[in-house]
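One structure is given here, and the rest of the page talks about it.
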Amino acid sequence: MTPLTAKLLHLTCMVIWWLIRRPFVRKARRNTLVRNGRDAREWALMTMSTIGLGVIPFAYIATDFPAGADQTFSPLRAWLGIGVFAGSLTLFQATHRTLGRNWSVTLAVRDGHELITRGVYRWLRHPMYAAFWLWALAQALLLQNWVAGLAGLIGFGALYALRIGREEALMRLTFGAAARTRRVIPFLH
């Protein structure tokens, strides 16, 4: 594997992610909101995550900027990154399929929203976040550049750290359910 191949594979995985998510975005718009957590903080967090997982890596893939921050390329690391990204996309698709009409890109509860405890939710409370953590890790392995590689961990990490408590509070308010599973890593966290 070469650095160019790693970049193209990363871009391919980003396109696959978009193809998985696209139909759910359209379906979600049809459902009436009951509780909406879309405030300035939420949009700022979404923007940071999008920049870290989308804008910066795309700029690096398209223009090689910032080239001065490249690391010594390791094909083994890149192959590991592809494996991690494949796992991320698999979990991402399974999460969307299980959530169905209950999915929302931001903190929101829709009309007829139900608490999902089947599928990947049997093992994790937040498998979507787990999929994004895997994506951020895959990005660091594939895009071996100090800025582009780590941007996903920083951007998504900020979203996770500042959003997870609010999301769980919204779910407790809506469903009154106590947590029965780990957040993003089975048996650990």
* What do you reckon, is D64 among the acidic types (D, E), surrounded by fewer than 16 Cβ atoms within 10 Å (Cβ to Cβ), more than 19 Å from L159 (Cβ to Cβ) and modelled with pLDDT of 85 or more? -> yes
* Of the residues that make up region 76-97, is at least one in contact with a strand residue (DSSP E or B) (Cβ under 8 Å, 6 or more places away or on another chain), touching a residue at least 24 places away in the same chain (Cβ under 8 Å) and crowded, with 18+ Cβ neighbours inside 10 Å? -> no
* Selection within region 81-114 - assigned to a helix (DSSP H, G or I) and either at pLDDT below 80 or touching a His at 6+ places or on another chain (Cβ under 6 Å) (or both) -> R101, N102
* **Condition check for A28: hydrophobic (A, V, I, L, M, F, W, C), buried (at least 16 other Cβ atoms within 10 Å of the Cβ) and modelled with pLDDT under 95** => yes
* Whichever residue in region 158-178 is free of Cβ contacts under 8 Å to residues at least 40 places away in the same chain and in a helix (DSSP H, G or I) and, among such residues, is surrounded by the most Cβ atoms within 10 Å (Cβ to Cβ) -> Y160
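The values are calculated or read from the model by the stated rules, or taken from the named source; none is laboratory data. On a predicted model such as this, the values are computed, not experimentally measured, just so you know. Cβ: placed from backbone, ideal geometry, glycine included. Neighbour counts: every protein chain shown.
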